[in-house]
Amino acid sequence: MIFKKREGATRRPLRLLVISPWGVSGGYSGPLVLQNRLLSSLVTLSSDVQVTVLYRDRGMAELPVWAHEPVPVVTAPPESFPKARQLAWLAKTVLYVLRHRHRFDAVFLQGMYLHTCFPALFLTKHAKVIALPVVDGGDLARNGQGIKNTIKSRMQSILLARTILGISLSTGIQKDLIRLGVPEASTILAYNLVDTDVYRPGGGIKGTGSNFLDLVFVGALGPRKQPHIMVEVCDLLRKRGIEATVTFVGPFESAAYESEIGALVERLKLSDVVRFVGLSEFPLRYFQEASMFVLPSRSEGMPGAMSEAMACGLPVVVSSVGAMPQVVEAAECGVVVENFDVASWVDAIEKLRKTPIVMHEMSANGRAFAQKHMKPDAVADVIIDFIGS
């Protein structure tokens, strides 16, 4: 089992402060989706949980049900968050924390970055810390000797000394938390969360046993996730006689990168088979219409899109970074590609396509793993027990 509750834990009212520079809604991003699913489950599980969220207001029309007391500490346009706005965020957040620090039992830090750690420092004498680093080799990396890195490392050390629960999206993050002083008994491994009652198969894997292959890529389109690889994979698959298509679900990170990928699609004459649908806060239909989920990222924690794909019964073909290879091995739900050359990805996808029995086994395995280990209620229950004990 991934989750292990503490024996003898008792329930108590929980006043939780969430520091959320990402906002609280209005975008399909990994940190935001994880935050909303986890905190919604916290509120649902216990009527005693009260959540105050300090968030970046991006002109959002609706707030999530878990936001017991939403406090927009700074307003910023959705397309930019420049340094001046970041400083405004920090100043207003710190001011709020100083005025209300005695009200809170715990502070929830999603991402161990400067803009979340600094305000939380002012709560360390009064509140417990729940830490959820989001990127394997990212948040807790001690790279470089500059002043900024030194300050960040010192802040993290203070906060981790007060951490009662470290939530890890991968074994790499868990090892970092333990290395930096969080007791192993105070860490849990929690692969990214998904509501398996909502994300479910749509009637079988599309295209198995035929010459058609529909690939789906869900996530922000930028250099880190390398969508260009899947454009080139589609081209090579079609040259091998396979009627392959790729659907990209997610926003481009910049206009320049969008132009670059658009030019590649035009050069390879793939405009009819490569589809860009943009941002979708609820990408269920795209998983249900696909044959496989693909993600050739250079760095990840445990992407929420992969959890959703597994819950929908899609075999996954992913790069060997973050928690993805661990999950694939544990769930037996797909294939890990060890490098980033296009031929290796084509070979892996084509080999899997030729074995529909294996694809169906992976589909069932992924769905079962998601139902057992990725439900938000499981993590939320552990949080309540840790804080109440």
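Only one residue in Val317, Val342 is in the same structural domain as Arg224 (by TED's automatic domain parsing), in contact (Cβ under 8 Å) with a residue 24 or more places away in the chain and within 18 Å of the chain's Cα centre (by Cα). Which one?
The conditions single out Val317.
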Fill in: Residue under evaluation Ser259, criteria (1) closer than 30 Å to Ile384 by Cβ; (2) polar (S, T, N, Q); (3) not in a loop (DSSP other than H, G, I, E, B), criterion not met
(1)
Fill in: Within region 247-284, considering residues that are within 19 Å of the chain's Cα centre (by Cα) and under 23 Å from Ile349 (Cα atoms), the one surrounded by the fewest Cβ atoms within 10 Å (Cβ to Cβ)
Leu284
Fill in: Enumeration of residues in region 179-190 that are surrounded by 15 or more Cβ atoms within 10 Å (Cβ to Cβ), at pLDDT 90 or above and not in a loop (DSSP other than H, G, I, E, B)
Ser186, Thr187
Worksheet item: For region 179-211, what are the residues that are within 18 Å of Gly322 (Cβ to Cβ) and under 21 Å from the mean Cα position of the chain (by Cα)?
Response: Thr187, Ile188, Leu189, Ala190, Tyr191, Asn192, Leu193, Val194
Worksheet, complete the sentence: Restricting region 23-49 to residues that are surrounded by fewer than 19 Cβ atoms within 10 Å (Cβ to Cβ) and touching a Leu at 6+ places or on another chain (Cβ under 8 Å), the one modelled with the highest pLDDT turns out to be Asp48
Practice prompt. Find the strands (runs of 3 or more DSSP E) located wholly in region 286-389 whose residues include 1 or more that are among the hydroxyl-bearing types (Ser, Thr, Tyr), over 25 Å from Asp197 (Cβ atoms) and modelled with pLDDT of 95 or more, and list them.
Written response: 316-319
Item to complete: Being surrounded by fewer than 22 Cβ atoms within 10 Å (Cβ to Cβ) and of a type in the set (A, V, I, L, M) is the filter; apply it to region 347-358 and report the residue that is farthest from the chain's Cα centre (by Cα).
Response: Ile357
Practice prompt. Scan region 198-228 for residues that are surrounded by fewer than 17 Cβ atoms within 10 Å (Cβ to Cβ) and not in a loop (DSSP other than H, G, I, E, B) and report the count.
Written response: 1
Worksheet item: Could we say that Gln174 is within 28 Å of Pro315 (Cβ to Cβ), among the polar types (S, T, N, Q) and part of a helix (DSSP H, G or I) here?
Response: yes
Practice prompt. Considering each residue of region 183-192, count those that are over 12 Å from Leu132 (Cβ atoms) and in contact with a Gly (Cβ under 8 Å, 6 or more places away or on another chain), and give that number.
Written response: 1
Practice prompt. Any chance you could count how many residues in region 228-257 are more than 21 Å from Ala309 (Cα to Cα) and out of contact with any strand residue (DSSP E or B) (no Cβ under 8 Å at 6 or more places or on another chain)?
Written response: 9
Practice prompt. Of all residues in region 58-107, count the ones that are at pLDDT below 70 and in a strand (DSSP E or B).
Written response: 7
Response to the item:
Listed by first then second residue, the pairs whose first member lies in region 228-257 and is under 14 Å from Leu270 (Cα atoms), whose partner is crowded, with 18+ Cβ neighbours inside 10 Å and among the acidic types (Asp, Glu), with beta carbons under 9 Å and at least 6 positions apart or on separate chains, are Ala244/Asp214; Ala244/Asp235; Thr245/Asp214; Val246/Asp214; Thr247/Asp214
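The values are calculated or read from the model by the stated rules, or taken from the named source; none is laboratory data. Note that the structure is a prediction, hence the values are computed from the model and not measured. Neighbour counts are summed over all protein chains in view; Cβ atoms, including those assigned to glycine, are modelled from backbone coordinates with ideal geometry.
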